[in-house]
Amino acid sequence: MSDHSSAQYDVHRDVRDGSLRAAIFGFNDGLVSNVSLVLGTLGAHPGGGVVRLAGLAGLFGGSFSMAAGEYISMSGQREIFERELSAERVELENHPEAEMSELVGIYTKRGISEEIALKLAQELMAEPQIALLTHAREELGIDPGSLGLPFRAAWISFLTFALGAFIPLIPFLGGSSSTGSALIAIVLVVLFAISVGAGLSLFTLRSKLFSAVRSLLICAVAGSVTYGIGALVGGAGH
């Protein structure tokens with residue numbers, strides 16, 4: 001096969017360790033949550049210092065929360081997978097014939113003849129490590145080489161959330177809460193929301209326009225609702 005043909009079909013991305021997912025969702029969550037917080041606070045018409053304080057609190061609180069949540073969820077998932085692999089290892093050692101029968105059954109259900117399925121299962125069961133890898137994938141749906149990296153996902157979530165949350169806060173760092181600052185924040189969020197959506201399409205292979213519009217609409221709805229709530233609460237307090 002030519003290099004051109006190989007390149008044509010080489011469209012897969014390795015997204016199994018969770019880092020890419022953590023980065024995308026971290027930035028997007030930071031952008032959406034902090035533009036909501038900033039605009040919600042702004043809707044109550046407080047001083048610029050209050051908006052800045054709310055935005056910074058959202059940035060740091062959200063970043064730590066995202067990192068902790070990502071670490072705990074991925075650690076729990078990894079521990080569950082490791083427990084299942086350990087149990088499967090014991091089963092392979094104590095009941096190899098039953099495990100081979102399970103493998104044959106899996107392959108025959110997929111349309112492979114019983115004779116070929118048996119030969120394939122015997123071949124795979126001959127080496128303990130290959131047998132474990134095969135049963136993990138075929139029986140448990142686990143890839144032992146891609147259980148996730150909790151610590152790396154956690155710090156990536158922290159950094160990307162903080163970066164996303166910083167975007168709508170930029171115009172208010174000087175202490176101003178004017179209409180001009182709000183408009184600048186909205187423009188920045190619009191640009192980055194579109195960019196994140198379009199960037200995500202490179203991995204999902206969905207339409208760039210669809211991904212960009214979806215990301216933009218999520219930010220727009222969240223920001224509009226919280227601004228409206230802030231305006232209602234702020235107006236009721238006067």
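Entry remark, segment 65-98: residues being over 30 Å from the mean Cα position of the chain (by Cα) and surrounded by 14 or more Cβ atoms within 10 Å (Cβ to Cβ) number 3 in total. Being surrounded by fewer than 19 Cβ atoms within 10 Å (Cβ to Cβ) and hydrophobic (A, V, I, L, M, F, W, C) is the requirement here; does LEU147 meet it? It is false that LEU147 is surrounded by fewer than 19 Cβ atoms within 10 Å (Cβ to Cβ) and hydrophobic (A, V, I, L, M, F, W, C).
Could you say which residue among VAL221, VAL225, VAL233, VAL187 is of a type in the set (A, V, I, L, M, F, W, C), surrounded by fewer than 18 Cβ atoms within 10 Å (Cβ to Cβ), in a helix (DSSP H, G or I) and at pLDDT below 85? Only one candidate qualifies: VAL233.
When the test is whether a residue is part of a helix (DSSP H, G or I), among the β-branched types (Val, Ile, Thr) and at pLDDT below 90, VAL196 passes it. When LEU39 is tested against (1) within 20 Å of the chain's Cα centre (by Cα); (2) crowded, with 21+ Cβ neighbours inside 10 Å; (3) among the hydrophobic types (A, V, I, L, M, F, W, C), exactly one condition is not met: (1). Filtering LEU132, LEU118, LEU140 for residues that are touching a Phe, Trp or Tyr at 6+ places or on another chain (Cβ under 9 Å), of a type outside the set (Gly, Ala, Ser) and under 28 Å from ILE72 (Cβ atoms) leaves a single hit, LEU140. What residue, of LEU31, LEU20, is at pLDDT 90 or above, in a helix (DSSP H, G or I) and either touching a His at 6+ places or on another chain (Cβ under 8 Å) or not polar (S, T, N, Q) (or both)? None of the others qualify; the one that does is LEU31.
What residue, of PHE158, PHE151, is of a type in the set (Phe, Trp, Tyr), within 24 Å of CYS219 (Cα to Cα) and under 22 Å from the mean Cα position of the chain (by Cα)?
Details: PHE151 fails: within 24 Å of CYS219 (Cα to Cα).
Residue meeting the stated conditions: PHE158.
Of the residues in segment 202-210, not one is farther than 30 Å from SER75 by Cβ, part of a helix (DSSP H, G or I) and touching a residue at least 40 places away in the same chain (Cβ under 8 Å).
LEU202 meets each of the listed conditions (1) crowded, with 20+ Cβ neighbours inside 10 Å; (2) farther than 25 Å from ALA57 by Cα apart from (1). Summed over segment 42-64, the residues that are surrounded by fewer than 16 Cβ atoms within 10 Å (Cβ to Cβ), at pLDDT 90 or above and among the small types (Gly, Ala, Ser) give a count of 2.
Residues that are touching an Asp or Glu at 6+ places or on another chain (Cβ under 7 Å) and among the acidic types (Asp, Glu) within segment 132-173 comprise just one, GLU139.
Among the residues of segment 109-135, those that are touching a helix residue (DSSP H, G or I) at 6+ places or on another chain (Cβ under 6 Å) and surrounded by 16 or more Cβ atoms within 10 Å (Cβ to Cβ) comprise ALA117, LEU118, ALA121, LEU124, MET125, ALA131, LEU132, THR134, HIS135.
The values are calculated or read from the model by the stated rules, or taken from the named source; none is laboratory data. What you are looking at is a predicted structure, and each value in this text was computed from that prediction instead of being measured. Glycine also receives a Cβ, built like all others from the backbone with ideal geometry; neighbour counts cover every protein chain displayed.
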